[in-house]
Amino acid sequence: ELGTWIKEQALAVESPEGLVVITGCAHPGIVQVVQRTKEISNEKVHLVVGGFHMAGMSEDRVRAVVQALRELGVTQVAPCHCSGDLARQLFQEAWGDGFYPAGVGWSIELGPAP
């Protein structure tokens, strides 16, 4: 459990490429969720998917989150619902092919590492 006022949980699933972190709305902050995942597992976080709770954030704050997730080694991102349009745009610019426009009906296959 993360957070104080609004308690939140996330799910970390092992994949051949590394951990896949699935969030609901990431109220405590997506960076904090990924940091805690790495503390608990001591493994690489490959993909973060779900709500990043960034809608309405300033561009500077969004860029800081993008940079922090880059520094944490996240290789793919799939922000959806409460992430906000600006965040999705900046994550797409930063991750390029490692960005997925997640939403209703979206799916991804995680296969064996090359």
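The values are calculated or read from the model by the stated rules, or taken from the named source; none is laboratory data. Note that the structure is predicted; figures quoted are calculated from it, not measured. For accessibility, only protein heavy atoms count, side chains too; no ligands or nucleic acids. Shrake-Rupley method; radii C 1.70, N 1.55, O 1.52, S 1.80 Å.
Can you tell me, using C-alpha contacts under 8 Å and at least 6 residues apart, the relative contact order of the chain as a whole percent?
Numbers: 197 pairs, mean separation 27.2, N = 114.
Here the relative contact order equals 24 percent.
Averaged per residue, what accessible area in Å² does region 2-114 show with a 1.4 Å probe, protein chains only?
For region 2-114, the solvent-accessible area averages 56 Å² per residue.
Computed from the coordinates I sent, Rg and Dmax of the Cα atoms in Å equals one of (1) 15.4, 45; (2) 13.8, 43; (3) 13.1, 42. Tell me the label.
Computed from the coordinates, Rg and Dmax of the Cα atoms in Å corresponds to (3).
Taking springs between alpha-carbon atoms closer than 10 angstrom, which of ILE22, ILE40, ILE30 fluctuates most in the Gaussian network model of the chain?
Residue with maximal mean-square fluctuation among ILE22, ILE40, ILE30: ILE40.
For region 96-110, what does the Karplus curve 6.51 cos²θ - 1.76 cosθ + 1.60, with θ = phi - 60°, yield as ³J(HN,Hα) per residue in whole Hz, taken in order and with x for Gly and Pro?
x, 5, x, 9, 10, x, 5, x, 4, x, 6, 9, 9, 9, 10
Quick check: at a probe of 1.4 Å, how many percent of the accessible area of the chain sits on carbon and sulfur atoms?
For the chain, the apolar C and S fraction of the accessible surface comes to 50 percent.
Using the Karplus equation 6.51 cos²θ - 1.76 cosθ + 1.60 (θ = phi - 60°), what ³J(HN,Hα) coupling, rounded to whole Hz, does each residue of region 4-19 give in order, writing x for Gly and Pro?
Whole-Hz 3J(HN,Hα) from phi for region 4-19: 10, 5, 10, 6, 9, 10, 9, 10, 10, 10, 6, 9, x, 8, x, 6.
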